[in-house]
Amino acid sequence: MSQGSDLRDTVALDLPEGAYGSESFFVREREAVFRGNWTLAGFGHQIPEPGDASPVTVAGLPLLLVRDLPGDVRVFHNVCLHRGCPLIREPVHRQKRLTCFYHGWAYDLEGRLRARPYFLEGGRHDIVDSKAGLGLEPVRSAQWSDLIFVNLDGKAAPFEEYARPMLSRVADYDLSSLRHGDRVLDFDVAGNWKLVAENWLDALHIFAIHPELNDFADQSGRERTEVDGCMFPGVYEFAEPRAGMVLDPSRRHVMSSEGANKVWSFFMFPSVFIQVRPDHLVVFDLVPVAPDRTRERIHFYFMGEAADDTEHAEARRVIYEAWDAINAQDVGPIEGMQQGRQSTAFRGLLASPYWDEALSHFTHLVNACMAKSGLAHG
Ligand code: FES
Ligand SMILES: [Fe+2]
């Protein structure tokens, strides 16, 4: 490899000025990117029983996750028809009606308005016919495993199409027994959300800052992240399972015999990064909080009782601690880039022609979303 070829091979990557730090870009991007695509809204385990509802905020909008009586997940805008208050502020359980805390307007679990206490005057209630057509505004939603996704503008491609590059690659995995683990890791990162996402896509930094991961599967045997629509698949193989990297190194239970020595990863543009390990799932989600601030959480799913039993408690602890350390290794460079890119000395990326194809595609997707929405310039 000649040194002279490095700059000529540089992949052109260009996001508009202010993309990583300006408030106006952040606001436009929230609409174009996060409301215009499939975004993680929450989890099925937040609403385990029929009649459970949980408020969440997605792309700055208040939403309500609801499990209806047949057990299906529904998502609504958490905005009361009356005066526009979010009707539910805390999770509720096993309710037949969702009742707004302000004036008590009651909605059924399908979002239909059913009652307005005292509305017609003191002592005269308004019972609303379920066919009246008044109700909470539904949000397009889809579920994969425990994850609930929404597409707020309703215009994205069908979820199955969006997720197909992942679904097809893990088709032989039995994910049916997965249950949410007993710990969530929570990071407050002083960096723009795109730097967090780009770091997920960057398979080149493993050898430099993640000694444990590199020891598990060496950089020289790794491949770049692929691109497939809004999905960024990656995969590597490891020689020997070990604590922290798998739950059960003895491999008594795996989700796929084919995948017993593989780690799949999928960045689901724009907000979720999933690792499918032989016997568990790691789900990273990001929430843009400000142009220079991102909340990042890491969730774990294990097979059946291994999610919270005492037998696997120590093995889970080792996994949680491993990811706490690995993600902390990533936060330093992300926060460093947030600062370094404000410098006049930064003149754009010098990207690897091999490793950074994913980064280039990510940039393209952000630009395309902004252009499509007409929000590219503000
Ligand atoms: S705002 Fe909900 S009942 Fe008045
Ligand atoms: Fe990393």
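The values are calculated or read from the model by the stated rules, or taken from the named source; none is laboratory data. Remember, predicted model here, so these are calculated numbers, not experimental data. Reconstructed Cβ throughout: ideal geometry from the backbone, glycine too, with neighbour counts over all protein chains shown.
Would you mention how many residues in segment 97-123 are among the charged types (D, E, K, R) and near ligand 1 (Cβ under 10 Å from one of its atoms)?
Residues meeting the conditions: 1.
Return the residues of segment 293-311 that are buried (at least 21 other Cβ atoms within 10 Å of the Cβ) and either out of contact with any strand residue (DSSP E or B) (no Cβ under 7 Å at 6 or more places or on another chain) or over 20 Å from PHE43 (Cβ atoms) (or both); say none if nothing qualifies.
ALA306
Tell me the residue from PHE238, PHE187, PHE207 that is crowded, with 16+ Cβ neighbours inside 10 Å, within 14 Å of ligand 2 (Cβ to nearest atom) and farther than 26 Å from HIS364 by Cβ, please.
PHE187
Among the residues of segment 67-86, write down those that are within 16 Å of ligand 1 (Cβ to nearest atom) and within 24 Å of PRO288 (Cα to Cα).
First pass over segment 67-86, keeping only residues within 16 Å of ligand 1 (Cβ to nearest atom): 76-86.
Selection gives PHE76, HIS77, ASN78, VAL79, CYS85, PRO86.
When residues of segment 227-254 are filtered for being touching an Asp or Glu at 6+ places or on another chain (Cβ under 8 Å) and either within 16 Å of ligand 1 (Cβ to nearest atom) or of a type in the set (Asp, Glu) (or both), how many remain?
Counting residues in segment 227-254 that are touching an Asp or Glu at 6+ places or on another chain (Cβ under 8 Å) and either within 16 Å of ligand 1 (Cβ to nearest atom) or of a type in the set (Asp, Glu) (or both) gives 1.
Which condition from (1) surrounded by 14 or more Cβ atoms within 10 Å (Cβ to Cβ); (2) of a type in the set (A, V, I, L, M, F, W, C); (3) part of a loop (DSSP other than H, G, I, E, B) is the one that ALA315 breaks?
All conditions pass for ALA315, except number (3).
Can you confirm whether segment 263-274 contains a residue that is within 16 Å of ligand 2 (Cβ to nearest atom), of a type in the set (Ser, Thr, Tyr), part of a loop (DSSP other than H, G, I, E, B) and touching a residue at least 12 places away in the same chain (Cβ under 8 Å)?
Looking for residues that are within 16 Å of ligand 2 (Cβ to nearest atom), of a type in the set (Ser, Thr, Tyr), part of a loop (DSSP other than H, G, I, E, B) and touching a residue at least 12 places away in the same chain (Cβ under 8 Å), one finds none in segment 263-274, hence no.
State all residues of segment 32-61 that are outside any strand (DSSP E or B) and closer than 22 Å to PHE273 by Cβ; if no residue qualifies, say none.
Answer for segment 32-61, where residues must be outside any strand (DSSP E or B) and closer than 22 Å to PHE273 by Cβ: ALA32, VAL33, PHE34, ARG35, GLY36, ASN37, TRP38, GLY44, HIS45, GLN46, ALA59, GLY60.
Which count do you get for residues in segment 124-162 that are in a strand (DSSP E or B) and aromatic (Phe, Trp, Tyr)?
Restricting attention to segment 124-162, the residues satisfying the condition of being in a strand (DSSP E or B) are 124-127, 135, 138, 140-144, 147-151.
If we keep only those that are aromatic (Phe, Trp, Tyr) as well, we get 144, 149.
Within segment 124-162, residues that are in a strand (DSSP E or B) and aromatic (Phe, Trp, Tyr) number 2.
Counting just the residues of segment 1-52 that are modelled with pLDDT of 85 or more and in contact with a helix residue (DSSP H, G or I) (Cβ under 6 Å, 6 or more places away or on another chain), which one comes out nearest to ASP356 (Cα to Cα)?
LEU15
I'm told ASP126 meets every condition in (1) free of Cβ contacts under 8 Å to residues at least 24 places away in the same chain; (2) at positive phi; (3) within 16 Å of ligand 1 (Cβ to nearest atom) except one. Can you identify the failing condition by its number?
(2) is the only condition that ASP126 fails.
If you check ASP309 against the conditions, is it modelled with pLDDT of 95 or more, within 30 Å of SER24 (Cα to Cα) and outside the structural domain of LEU61 (by TED's automatic domain parsing)?
no
Condition check ((1) aliphatic (A, V, I, L, M); (2) within 23 Å of the chain's Cα centre (by Cα)) across all residues:
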position	(1), (2)
PHE76	no, yes
LYS96	no, no
ARG116	no, no
HIS125	no, no
PRO138	no, yes
GLU160	no, yes
LEU167	yes, yes
ALA171	yes, yes
ARG183	no, yes
